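Computed from the coordinates by the stated procedures, all read-outs in this text should not be read as laboratory data. If you're wondering where the values come from, they're calculated on a predicted model, not measured in any experiment. Here the Cβ positions follow ideal geometry from the backbone for every residue, glycine too, while neighbour counts run over all protein chains shown.
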Amino acid sequence: MQSFTNLRPFFILLTVVLSIIIFEAFQQHYYIVRFKLSDEEVSVVGLMLLHLRRWVIWLVCTLPMTAYIHKRSVMPARLTPGIFIRYAVIISMSLLFSIIIITAVELIIGGWKFQMVDFIETLQFFFFQKGPIYMIANIGVVVLISLQNNIQAHQFTIGKLSVLQAEQQKLYKDLKNRSYDDESKFIQIKIGSQAKVVPVESIQWVEAEDYCVRLHTEDNASYILRSSMKSMEKILPQDKFIRIHRKYIVNLGEVDRFFFSQTPEVRLIDSTRLSVAQSRVAEIKKHLAVEPGIPS
């Protein structure tokens, strides 16, 4: 089916040429009979074969032009004056070449004695009689080949896009079905025109600061992130981070000790002390009951 689609323009061209041959034969036969232009009996079939011979010669003569146009791959989207002139010259040269060959063949078949006067007269006759129709045929060949090249180029592009789409869908499914370890998560922070990537496991504690939050990391650095504490609670792994105060979220892996006195607080491994809200004490104790190894 695909090969038939690729050859469709050439079937169209063949159909058009055959239609022209039939039309010319009947037209010429009508004029010969109507105006008695020949004393000999002329048949429509004989005229068809005559025109068929000339069109076959035309077809052979257009092969160089056809090869050139096909080699040009695709016709540009915009027909600039330079491209227009180049195609016009190619079509005209092919037209002149085919008319010269047809003239020579017809003269040789008719017993030409290689006289230049006969050649020039016959050439002029074919140029004005057949030139316009051959010119239109040449233009049609150029258009059909260019369209065919464009179709093939688009089919190739569509094929590549289909393959790319299948690869993207496969990658999407792989990413969707892949389970990620919390340790591989990170937070991206914009610093001027740059972006800083902070691994979640490197965060010691998070501090609320106006309409932003400040991330304190294990390398004694801190970064401002435009976010809320509620958003950070959702982003950070709940089995490793716990909110101890409206202003603080701590990494349980960085906790050295909790103090549940009248003024509860937490001491981190680096000796940083943070206040613990009384309203959070019960939740923290409940969380610590399933987190062995953290002294309370």
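A few notes on this one:
- Across the alpha-carbon set of region 35-170, the Rg to Rh ratio works out to 1.19, Rh being the Kirkwood radius.
- Cα long-axis angle, helix 278-288 against the chain (0 to 90 degrees, to the nearest 10): 70 degrees
- 5 angstrom amide H check on residue 196, placed H, neighbours 5+ away: 189, 190, 191
- Near residue 241, the amide H atoms lying under 5 Å from its own belong to 252; only residues 5 or more places off or on other chains count, and H is placed 1.01 Å from N.
- In a DSSP loop and with at most 14 other Cβ atoms within 10 Å, the trypsin sites (Lys or Arg not before Pro) in region 220-296 are 226, 246.
- Using only Cα coordinates, the Kirkwood hydrodynamic radius of the chain works out to 27.8 Å.
- With at most 12 other Cβ atoms within 10 Å, longest stretch of the chain clear of loop chymotrypsin sites (Phe, Trp or Tyr not before Pro) (DSSP): 212-296
- Note that region 16-32 has calculated 3J(HN,Hα) couplings of 5, 4, 4, 5, 5, 4, 5, 4, 4, 4, 5, 5, 5, 4, 4, 5, 5 Hz, one per residue in order, obtained from phi through the Karplus relation 6.51 cos²θ - 1.76 cosθ + 1.60 (θ = phi - 60°); glycine and proline are x.
- Rounded tilt (10° steps) of 81-109 against the dominant C-alpha axis of the chain: 30 degrees
- For region 98-164: Kirkwood Rh in Å [reciprocal of mean 1/r, alpha carbons]: 14.9 Å
- Our coupling estimate for region 47-59, obtained by passing each phi through the Karplus curve with A = 6.51, B = -1.76, C = 1.60 and θ = phi - 60°, is 5, 4, 5, 4, 5, 4, 4, 5, 6, 5, 4, 4, 4 Hz, Gly and Pro reported as x.
- Sorting 15, 103, 122 by the number of Cβ atoms found within 10 Å of their own Cβ, with the fewest placed first, yields 15, 122, 103.
- Helix-only CD estimate at 222 nm, as mean residue ellipticity for the chain, using -39500 (n - 2.57) per DSSP H run (n ≥ 4): -20000 deg cm²/dmol
- Averaging the Cα positions of each part gives two centres, and for region 53-114 and region 227-260 these lie 82 Å apart.
- Most fluctuating residue given options 144, 164, 252, as computed from a GNM of the chain linking Cα atoms under 10 Å: 252
- Hydrodynamic radius by Kirkwood, which averages 1/r over all alpha carbon pairs of region 183-288, in angstrom: 14.1 Å
- For residue 257, residues with placed amide H under 5 Å, excluding near neighbours: 267
- Listed residues 92, 146, 202, most fluctuating in the chain (Gaussian network, C-alpha, under 10 Å): 202
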